1. Do the sum for the chain: with -39,500 (n - 2.57) for every DSSP H run of n ≥ 4, divided by all residues, what is the mean residue ellipticity at 222 nm, to the nearest 500 deg cm²/dmol?
2. Given an 8 Å cut-off on Cα distances and at least 6 residues of separation, report the relative contact order of region 131-250 as a percent.
3. Counting only DSSP beta bridges with both residues in the chain, tell me the antiparallel percent, nearest 5.
4. Going from most exposed to least, what order do Met1, Met94, Met229 have by accessible area with a 1.4 Å probe?
5. If you average the sequence gap of Cα pairs under 8 Å that are 6 or more apart and divide by the length of the chain, what percent do you get for the contact order?
6. In whole percent, how big is the carbon plus sulfur part of the accessible area of the chain, probe 1.4 Å, protein atoms only?
7. With every protein chain kept in the model, how would you rank Trp26, Trp190, Trp139 by accessible area, 1.4 Å probe, largest at the top?
8. Check which residues have an amide H placed less than 5 Å from Val111's amide H, if you skip close sequence neighbours.
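The values are calculated or read from the model by the stated rules, or taken from the named source; none is laboratory data. Keep in mind it's a predicted model, so treat the numbers as computed, not measured. For neighbour counting, all protein chains shown are included, and Cβ atoms are generated from backbone atoms with ideal geometry for every residue, glycine included. Heads up: the accessible areas ignore ligands, DNA and RNA and are worked out on the full protein's heavy atoms, side chains in. Shrake-Rupley method; radii C 1.70, N 1.55, O 1.52, S 1.80 Å.
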Amino acid sequence: MRVVSLFSGVGGLDLGFLKGGHEIIWANDIDPDAVMTYRQNLGNHIIEGDVSQIKEDEIPDCDIVIGGFPCQGFSMANTKRHVNDQRNKLYLEMLRVIKAKKPKFFLAENVKGLTTLERGAVLRLILSDFEGLGYCVEWKVLNAADYGVPQHRHRVIIIGTRKDIANKISFPLPTHADPELKPEPPIKPWVSIGDALRGIPEPEDAPEIPNHSYSRYKLRFNGYLGHRMIDPAKPAPTVTARGDNRGGVVVLHHPKNHRRMSARELATTQSFPLDFIFHGCRSSVYRQIGNAVPPVFAEAIAAVFAT
């Protein structure tokens, strides 16, 4: 199917849809580093800039619109949630594009915390807005580890099907499970972070590996985000994009717990292939990776649109 991608970042979601047999015909992001990364790895069909400044007729017709959106602006106390709140602007732009293009399907991805904002009222409002565009809408929280990603990453997946489309879209069935549950074939055990990184040598021993440098920020083990002991026998905790370009990015410890992960190792934790090259300073690269949807997870989701 022909796919339009909003808030594409480096293209983790797009890469999964490409591997799932779809065609990304247009993409957009505002981050120059992420756009440069996207162009090198996925193609020149991405447009850099603020989506709110892009007119509907500049976006091609498509079968699917995909993307994520921020949710901080959706306070029930904000009675003007559809007006001038910069924090929910991208959500409004996704609504605008779907309304204009009327794709057969759409896919929205967001953090698990969306389900509990204002005791679930925010999610209900969002679903209602999508339904108001003429779509049957379903949502589910999925864990990327259940699809072969070496990381626990719970995300809300919202799927919309235009009401005149007969095909029923179901959420992908898990391919992996907690090994303590003794999963039987074809279900496989979760991929551990130790196994995922086993073939990557230390950065000092492999300077030829792209993006294989790491933050020298002092290790601490206090249980808080970015300061947690990593169990090499389990999937890693969630990779985050917290921090800034001044070096204050929160980065997971290596499973040997002797240093921070390199950007290349963090990309592997997000299931990016080794030949996927990231542009920008190391802090920017860390943030690009943390913002991305794991491609292996995205490919599993893309498969449900294969009809």
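1. Computed mean residue ellipticity for the chain: -6500 deg cm²/dmol.
2. For region 131-250, the relative contact order is 24 percent.
3. Taking every DSSP beta bridge with both residues in the chain, the antiparallel ones total about 50 percent.
4. Greatest to least solvent exposure: Met229, Met1, Met94.
5. 20 percent.
6. 52 percent
7. Largest accessible area first, the residues go Trp139, Trp190, Trp26.
8. For Val111, the qualifying residues are Val156.
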